[in-house]
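Peer 1: What follows is a single structure, and I will ask about it in a moment.
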Amino acid sequence: MIKKTTTLLLLLFVAITTLAESSVSFDRTGQLRLPDAELLNKARHAHQDNRPDEALGYLLQAARFGSNQAKASVAQHLLEDQTKEHDQWLDALAWLLLLQQENTGYDPATCHRIIDSLKQKLSSEELAAAEQKTTLLHHTYGAAAALQYRQDWRQNLRFTGSRIAGYIPNNLTVIPVEDGRPGTLTINLTGQQIRQQLDAFVNTYPNHNQVKKQTMMALMKLSQTSKK
């Protein structure tokens, strides 16, 4: 019998109702600090500080942008969690099936082996439920949904206190962020430089979107442990 998986539905609800912060920062070279990378970094620190729920929240926000690393890390989080009432194997499989559908930015052979390992632990009824959940996840975290999310995020940005969302001034003086904190120097960027970087992030996102090898190895190890 399939356990009730209220946690996954809660994750979807939180992700849908929580908007990403509409702000950007730059490093000392004037390069955009990618918001998904910033969220992944926050998730890593939260995990290190033993704040798993907060870490998961950051991962889900990064996944909204389309981060395959975040999607794989959500699956890893689920497989590591032995305290929830839902079947973590089933939910982790749903996320990995979504990652497989994206067909970019990951090691397909390793992902396939992890999926096969998880499938062996589930009944036919549970496998069908996992596929249904993958469909639900696709509506929020799939490639098309992520593109729309990045476009909406881009249109909601405000610079220099402007009340006009999405407006980028011709010239902008910014304070670079270093180690998560504003630096002491300022740099000048043109509106064109900012627009080019934002457009690249929004429209060519998959080009930098890779799942880290250590995440795939951790998933492989977790998928091979005995089901509890």
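Peer 1: Return only the number of the condition from (1) modelled with pLDDT of 90 or more; (2) under 24 Å from Leu118 (Cβ atoms); (3) not β-branched (Val, Ile, Thr) that Asp49 does not satisfy.
Peer 2: (2)
Peer 1: Among (1) modelled with pLDDT under 95; (2) under 15 Å from Ala70 (Cβ atoms), there is one condition Leu137 misses while meeting the rest; what is its number?
Peer 2: So Leu137 meets the others, but not (1).
Peer 1: For Gly191, are the conditions met, namely being at pLDDT below 85 and more than 14 Å from Leu34 (Cα to Cα)?
Peer 2: Against the criterion (at pLDDT below 85 and more than 14 Å from Leu34 (Cα to Cα)), Gly191 qualifies.
Peer 1: Quick one: what pairs do we get from region 100-111, first residue loosely packed, with under 15 Cβ neighbours inside 10 Å and of a type outside the set (Gly, Ala, Ser), second in a loop (DSSP other than H, G, I, E, B) and at pLDDT 90 or above, C-beta under 9 Å, 6+ apart or different chains?
Peer 2: Hits for this filter: Gln101/Gly142.
Peer 1: Okay, next question. Given (1) surrounded by fewer than 17 Cβ atoms within 10 Å (Cβ to Cβ); (2) part of a loop (DSSP other than H, G, I, E, B); (3) within 15 Å of the chain's Cα centre (by Cα); (4) at pLDDT 50 or above, identify the lone condition not met by Ala20.
Peer 2: (1)
Residue-by-condition table, conditions (1) of a type in the set (Gly, Ala, Ser); (2) modelled with pLDDT of 85 or more; (3) touching a strand residue (DSSP E or B) at 6+ places or on another chain (Cβ under 8 Å); (4) part of a loop (DSSP other than H, G, I, E, B):
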residue	(1), (2), (3), (4)
Ser162	yes, no, no, yes
Ala165	yes, no, no, yes
Leu172	no, no, yes, no
Leu185	no, no, no, yes
Val202	no, yes, no, no
Asn207	no, no, no, no
Thr215	no, yes, no, no
Lys221	no, yes, no, no
Ser226	yes, no, no, yes
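Peer 1: Where residues in region 51-73 are over 17 Å from Pro35 (Cβ atoms) and either within 10 Å of the chain's Cα centre (by Cα) or of a type in the set (A, V, I, L, M) (or both), which of them is surrounded by the most Cβ atoms within 10 Å (Cβ to Cβ)?
Peer 2: Ala72
Peer 1: Just name the residue that is surrounded by the most Cβ atoms within 10 Å (Cβ to Cβ) out of those in region 140-160 that are among the aliphatic types (A, V, I, L, M) and under 18 Å from Asn68 (Cβ atoms).
Peer 2: Ala146
The values are calculated or read from the model by the stated rules, or taken from the named source; none is laboratory data. This structure is a prediction, so every number in the text was calculated from the model and none was measured. All Cβ positions, even for glycine, are placed from backbone atoms using ideal geometry, and neighbour counts span all protein chains on display.
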